[in-house]
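First comes the structure, then the notes that go with it.
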Amino acid sequence: MAREFTFSQDNARAAMMAIKTLVIDLLQGGPVSVLIRRPSRSREQEKMYHSLIGVIAQQVRVFGKTYEPEIWKALLVDKFEHERAAMGEPLRKPGQVVPAMDGSGRMVSVRPSTTGFSVAEGSAFIEFIFSEGVEMGVKWPASAEEIAAAERAYIASNRRAA
């Protein structure tokens, strides 16, 4: 179980109490690890592109077929990687094609992980998703509530797939 708390001067006392309660409850199941760090921009970027991918998954059909957000993510990351390479700006951690472990001669394509994106790559990926969506006729949400709903749908579809 992972939980994330963001502290500010305004909510520090309430957040500390919530963490204390959570840790005490979790300790009954064994040792607990607590990590404290400053929020990273890349985590916010990740939330954003997952929201955007969720919107695409809700609206876009390919040859009359819908795809789950995880499929759209793989397709978009693949296209993003290839376009960056064609522009002479390859990803820091590109995907790979490796031989299957069964000796059959099959090749397995491993896409780059978005968690390995730099902040600049994450920003470029968000712009890329917006651009691709426009080309596919996506009507981007106009409100924070619609974006949040798309993000919830993306998360729920990943839970179903797991």
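The values are calculated or read from the model by the stated rules, or taken from the named source; none is laboratory data. For clarity, every value in this text was computed on a predicted model and none was experimentally measured. Using ideal geometry, Cβ is built from the backbone for each residue, glycine included, and neighbour counts are taken over all protein chains shown.
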**Q.** In the stretch 83-121, the residues that are surrounded by 12 or more Cβ atoms within 10 Å (Cβ to Cβ), more than 23 Å from Glu44 (Cβ to Cβ) and of a type in the set (Gly, Ala, Ser)
**A.** Ala85, Gly95
Q. In this structure, is Ala153 farther than 20 Å from Lys79 by Cα, touching a strand residue (DSSP E or B) at 6+ places or on another chain (Cβ under 6 Å) and of a type outside the set (Val, Ile, Thr)?
A. no
Q: Check whether at least one residue in the stretch 117-124 is assigned to a loop (DSSP other than H, G, I, E, B) and not charged (D, E, K, R), and report yes or no.
A: yes
(Q) Suppose we keep only residues that are polar (S, T, N, Q) and surrounded by 10 or more Cβ atoms within 10 Å (Cβ to Cβ) within the stretch 1-51. Which one would you say is farthest from Trp140 (Cα to Cα)? (A) Thr21
Q.
Looking for something in a helix (DSSP H, G or I), out of contact with any Lys or Arg (no Cβ under 7 Å at 6 or more places or on another chain) and modelled with pLDDT of 95 or more - is there at least one such residue anywhere in the stretch 86-103?
A. yes
Q: State which residue pairs qualify: first residue farther than 15 Å from Phe117 by Cα and inside the stretch 68-90, second residue among the polar types (S, T, N, Q) in any location, beta carbons under 9 Å apart, and separation of 6 or more residues or different chains.
A: Glu68/Ser157; Glu68/Asn158; Pro69/Gln58; Pro69/Ser157; Pro69/Asn158; Glu70/Ser157; Glu70/Asn158
Q: Quick one: in the stretch 104-116, of everything that is out of contact with any helix residue (DSSP H, G or I) (no Cβ under 9 Å at 6 or more places or on another chain) and in a strand (DSSP E or B), which residue is nearest to Glu83 (Cα to Cα)?
A: Val110
